[in-house]
Amino acid sequence: MRTVQDIFRSNRELASSLIGIIKKYAEKIMKKQFENNSLIKIMHFCGTHEWAITHYGLRSLLPRSIELVAGPGCPVCVVPSNYIDMSIKLALEGYTIYTYGDALRLPSSRPKTPARSLYEAKSLGAEVKVVYSFFDAIKDAKAHKKESIFLGIGFETILPIYGFFFYKGEVPTNLKFMSLVRLTPPAMKFTVKLYKERGLLPIMGVIAPGHVSAVIGGYEWRFLPENFGLPTVVTGFEPIDILMAIATILKMIDNQKPRLEIEYKRLVKPNGNSYVKKMVNEVFQPTYAAWRGIGMIARSGLMFREDFRKIYDAFEYFGIPDASPSEYVMTHAHFGEPGKYDLPPNCRCGEVVLGISKPTDCPLFMKSCTPETPWGPCMVSIEGTCNVWAKHGDIKNSLINKGE
């Protein structure tokens, strides 16, 4: 009996058929719609999609006229530097910091202490604890009763966990929560608008994230075809899922009939999980938020509602200042004013996160910035595009497409 994994990961016949369909549509589109040297640019914005695309070598199977680019799909990569600075400072002052392993080595851009990361703070004696879940932090904080802070990083996928424990009153009052949650639809809208405003090679289709959509619902992406004319497919993470999404997007481009398609029907419903969304809405509300290396994006973060804020909000309790819009501007000269704060010198993570640059375009990539010695945030997290390329090797394919 064939499993779901067999069908979506190991079905070579189906994969070969889909690649044939992709090549057929790509040729038709290039003949009808493009001048020489143009590309069909399709963006995804999920670190797991980038891992699958790179790990399985999917780019090498596609026509060179198709460019798959990674958008803002790494929640750890976009944590503002000043919040890392404040976490390091509080850790060195004696507070316990709970964090996921990915964030342990996130670099500060302008260190205010001897430590440049929580990893270095830990080596200096600070109590920094790596946890696998929010529940682990809750258990430990209850046991030790020490004033502590949890770095609440993540996209919508993690919200059911955060929302549940606050909603059910399970979080001890000695554990403060630094909400670093970021919301993906506002980031995608920001990215598409940026491409249009800057006259960049346009995004022609979008692969929407499967796990995020399982929470918020596939219909949350309707604005992409309706407002921007972008074919959009919500898809899973196996090779067949991704190839099906690409084939579907190309068919829409060829027919000039953009719409939203939910390919990942085995997990994603049009309206998502209504119970989870209601629960989260009782605890949090949308707010302006800074994305590291990108800027301030309206309604792209979550802050506590009043009843929870006065008890659990780390920003309010410790007097942590909000990010300043003047510090969160584009960091590369092509986009205007250099960033004053957010990224280390010469780091192009902001452009990599937006899919404007590839990791191989960065002068630091695999030189002074490696998985063992990360200089920029995109090299730290396993969902960061630079980290994925460094470990799973899309470097050769990238250089071929650049003609090198």
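The values are calculated or read from the model by the stated rules, or taken from the named source; none is laboratory data. Everything numeric in this text was worked out from a predicted model, so none of it was measured. Don't worry about glycine lacking a Cβ; one is built from the backbone with ideal geometry, like all the others, and counts go over all protein chains shown.
Descriptive notes on the structure:
- Residue, farthest from the chain's Cα centre (by Cα), within region 84-129, restricted to residues that are assigned to a helix (DSSP H, G or I) and of a type in the set (S, T, N, Q): SER123
- Residue within region 130-137 that is outside any loop (DSSP other than H, G, I, E, B) and surrounded by 19 or more Cβ atoms within 10 Å (Cβ to Cβ) present: yes
- Scanning region 236-287 for residues that are part of a helix (DSSP H, G or I), of a type in the set (Gly, Ala, Ser) and crowded, with 18+ Cβ neighbours inside 10 Å yields a total of 2.
- Region 67-93, residues that are more than 24 Å from GLU147 (Cβ to Cβ), surrounded by 24 or more Cβ atoms within 10 Å (Cβ to Cβ) and either of a type outside the set (Gly, Ala, Ser) or free of Cβ contacts under 8 Å to residues at least 24 places away in the same chain (or both): PRO72, CYS74, PRO75, VAL76, CYS77, VAL78
- Test: residue in region 274-285 that is aromatic (Phe, Trp, Tyr) and either in contact with a Ser or Thr (Cβ under 6 Å, 6 or more places away or on another chain) or within 21 Å of VAL69 (Cα to Cα) (or both): no
- ASN346 satisfies every condition listed in (1) buried (at least 19 other Cβ atoms within 10 Å of the Cβ); (2) over 18 Å from the mean Cα position of the chain (by Cα) except (1).
Quick grid of which residues meet (1) charged (D, E, K, R); (2) modelled with pLDDT of 95 or more:
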site	(1), (2)
PHE165	no, yes
GLU170	yes, yes
THR173	no, yes
LEU183	no, yes
LEU194	no, no
GLY217	no, yes
PRO225	no, yes
PHE228	no, yes
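- In region 231-253, the residues that are at positive phi form no Cβ pair under 6 Å with any partner that is among the aliphatic types (A, V, I, L, M), whether six or more places apart or across chains.
- Yes/no for GLY236 being touching a Gly at 6+ places or on another chain (Cβ under 8 Å) and more than 27 Å from GLU127 (Cβ to Cβ): yes
- Residue within region 169-188 that is among the hydrophobic types (A, V, I, L, M, F, W, C), within 13 Å of the chain's Cα centre (by Cα) and part of a helix (DSSP H, G or I) present: yes
- Test result for ILE149, closer than 14 Å to LYS89 by Cβ and in a strand (DSSP E or B): yes
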